[in-house]
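Single-structure report; data block below.
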């Protein structure tokens, strides 16, 4: 079964004031190390399909087509929106296993090495037609 | 693997030979790929044939004539007028055994201005570099099907634009050669600083770019810019081992362990660029190579001959109108005349709006503000750069810079 594990980032003032931009260097390094190790473990376990980090939302644009089909971009977002900043696609035996992996990502270390326990959205990926 | 090297070297020569007979670039390229695959499976078992090039040419030719025969047969089935079948297998051209020049002609073809740069890159790697579609896809972190499509569209463009398989006419040659150098340099950069993803260096692409530049250089040794480009890549690539740490983290030039640098490669690059510079007609690649050489030859970061680098950047800045060069020039100015002078140049550049919101502008300004001991401004700029870069290792590096200064302020 394939799942996508999505990690978000809030952009409101309050969230920013606690964000990674405010942490001591040591804690940032520890967080980065954790993430690198986490990906390595998933790969070694044969469960990682892909993992991508996204550029931060500062440059994100909302795009719609105008009536001629030309792109209309909108760069100003309402405050306190949550943005996707990274995701993992995993292939695992069960939903429970996906939740376990998500919980490990959630507990990535934050300031002072304290687990962040951030929300990770887990969604199953649609599969092909069932085998006959 | 010895024969793999041989295959890569022979690939463009064989393709050139096939193209001389059949003209159809797309089909010829496919036939050569099939011949390469056949060689890669047979040669390790049965040994490399006495004349490997003739072997590959023969196998590829056979594929071509099979292909043509089946096309003809299909046509004959489809149309009653069997006689109008337009394909005739031409006799092998005995006179043209000039594999050397074929490689260069192929390069011109693959880097033709009718192609987008991403297509030109993919096509060059496949047709000239002899890489498989899977290898190219892997190097650029895209699915194989996507890369296959990119390559086949590039071939389609060549077909539609009627780009002939021959040397460009004399007047065009200079501009077309610049396009080749540009494509090679882009391949190198893609390998050296992956523009996205976790892997900062994808060594294979850098090595391939250097190999391609060597091929062009041996064909046209008198062109100083080719020598300049080759030297630039050698001198930059020589620092590879020192450039990232064990966790793939970025280590800036002034913090690198210089004992890890590849001295042999530096020596080769320095020799190349020194010889090229005496030949006159100094160009941008030569100047950048000269700058890289000054960095490489400094025993420690503080030994760096910044006045020399500044002089070179000043010449380069007059020669090309490139905001990245202006930015690097500002750093050199700061190193020689102090950070305030450099910051003034950056403010001027920003006012033109040319690098608006580009992460490099913020990163460089952060660095110069730190030099000027304006920590708050430096932190803001490092953070702004971190929020804008699309390179994960670079973002991590910038975040660490900002955090380091914040830690200093807290004390």
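Here, each number is a calculation from the coordinates, and none is a lab measurement. Quick caveat: nothing in here was measured; it's all calculated off a predicted structure. A quick note on method: Cβ atoms are made from the backbone with ideal geometry, for glycine too, and the neighbour counts reach across all protein chains shown.
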**Message:** Ignoring everything except DSSP H segments at least 4 long, calculate the 222 nm mean residue ellipticity for the protein assembly as shown; use -39,500 (n - 2.57) per segment, divide by total residues, nearest 500.
**Reply:** -19500 deg cm²/dmol
**Request:** May I have the pair-distance distribution P(r) for the protein assembly as shown, computed from all Cα-Cα distances with 10 Å bins from 0 and rounded to whole percent?
**Result:** 3, 14, 22, 23, 20, 12, 4, 1, 0, 0
**Prompt:** On average over all directions, what projected area in square nanometres does chain B have, based on the convex hull of its Cα atoms?
**Reply:** 24.4
**Prompt:** For region B:367-381 and region B:328-358, what is the separation of their Cα centres, given in Å?
**Reply:** 13
**Asked** Hey, what's the Cα Rg ratio for region B:257-411 versus the globular rule of thumb, 2.2 N^0.38 Å?
**Response** 1.13
**Message:** Can you give me the orientation-averaged projected area of the convex hull built on the Cα atoms of region A:37-132, in nm²?
**Reply:** 10.4
**Prompt:** Three principal axis extents, largest first, for the C-alpha atoms of region B:1-79, in Å?
**Reply:** 49, 24, 17
**Prompt:** In whole angstrom, how far apart do the alpha carbon centroids of region A:89-103 and region B:258-299 sit?
**Reply:** 52
**Message:** How large is the direction-averaged shadow of the alpha-carbon convex hull of region A:1-45, in nm²?
**Reply:** 4.3
**Asked** Given a cut-off of under 8 Å on Cα pairs at least six residues apart, what relative contact order in percent is computed for region B:1-79?
**Response** 35
**Prompt:** Taking neighbour Cβ counts within 10 Å as the exposure measure, how do B:133, B:146, B:103 sort from fewest upward?
**Reply:** B:146, B:133, B:103
**Fill in**
A student asked for the Cα radius of gyration and Dmax of region B:127-190 in angstrom ought to give 13.9, 39
